[in-house]
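Let me begin by presenting the structure, written as structure tokens, before commenting on it.
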Amino acid sequence: MRKITSEETIKRIEPIFVRLGYPRTITLDNGRQFISTEFDNYCQSRNIKLNHTAPYWPQANGEVERQNSSLLKRLKISHSMNREWKTDLLQYLMMYNTTAHSVTGKAPSALLQNRLIRSKIPSISDIENTPHVGSESHDRDTTLKYWGKERKDQKRHAKPSELQVGDRVLLQNLLTAGKLTPKFGRTEYVVVERREVEQNLRSHFRRDI
């Protein structure tokens, strides 16, 4: 953050709270943005209790300080190898969120979201969910998709296109200026080709001049 005012801090944390909900407590240091009246009122209005740590005593919030140490180490490695630090930081966070913790025995993403997010390392679920071309399950899925399309076409009373090469047609106005816009344009076109794509007949036109 280039600005660490209370107002800017609130703007950064509000999207997180909207996605995950308001926490019961927040443990923080005595930075100016955290001890202001504005930040205190913001947390009180949302029933969030603030736990301020003792000044110049980082051990009071050991979990955060330990994570900061790991992040700093990753940034030093990125700097020494002349790499993009933001990319390396994202890769580190992906690895951290998908690796089982030594204390809990579960990955942070599994504890937070009740599921393990996918990483670049294949998992058992990836192998189980990989479709096998020509297998019975793949054939069954293809059949279900086909009959699903058939049912939708019947519900919409869809019929095969009867357009033939040489027929004169009008094009539907997809972009309307208002409710009084006619459904079809006034310009006539002539069908010059019929092409079948994925079981759907598509007709190509040329403007009739």
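Quick check on Lys179: is it open to solvent by 100 Å² or more (accessible area, probe 1.4 Å) and modelled with pLDDT under 75? Answer is yes for this residue. Which ones in region 42-90 are of a type outside the set (A, V, I, L, M) and not in a helix (DSSP H, G or I)? Answer for region 42-90, where residues must be of a type outside the set (A, V, I, L, M) and not in a helix (DSSP H, G or I): Arg46, Asn47, Lys49, Asn51, His52, Thr53, Pro55, Tyr56, Trp57, Asn82, Arg83, Glu84.
One line per residue, one yes/no per condition, for (1) out of contact with any strand residue (DSSP E or B) (no Cβ under 7 Å at 6 or more places or on another chain); (2) of a type in the set (Val, Ile, Thr):
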position	(1), (2)
Lys3	yes, no
Ile48	no, yes
Thr87	yes, yes
Asn97	yes, no
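Taking region 1-39 as the search range and keeping residues that are part of a strand (DSSP E or B) and of a type in the set (Val, Ile, Thr), which one is least open to solvent (accessible area, probe 1.4 Å)? Going through the qualifying residues, I end up with Ile26. Name the residues in region 74-93 that are open to solvent by 80 Å² or more (accessible area, probe 1.4 Å) and of a type in the set (A, V, I, L, M, F, W, C), would you? Correct list: Met81, Trp85, Leu90. Is there a residue being assigned to a loop (DSSP other than H, G, I, E, B) and either at pLDDT 85 or above or more than 30 Å from Ala54 (Cα to Cα) (or both) anywhere in region 134-142? Checked region 134-142: at least one residue is assigned to a loop (DSSP other than H, G, I, E, B) and either at pLDDT 85 or above or more than 30 Å from Ala54 (Cα to Cα) (or both). Scanning region 50-73 for residues that are among the acidic types (Asp, Glu) and open to solvent by less than 50 Å² (accessible area, probe 1.4 Å) returns no hits.
The values are calculated or read from the model by the stated rules, or taken from the named source; none is laboratory data. Only a predicted model underlies this, so the values are computations on that prediction, with no experimental measurement involved. Cβ atoms come from the backbone with ideal geometry, glycine included; neighbour counts cover every protein chain shown. Ligands, DNA and RNA are stripped out before the accessible areas are found, and what is left, the full protein with its side chains, is counted by its heavy atoms. Shrake-Rupley method; radii C 1.70, N 1.55, O 1.52, S 1.80 Å.
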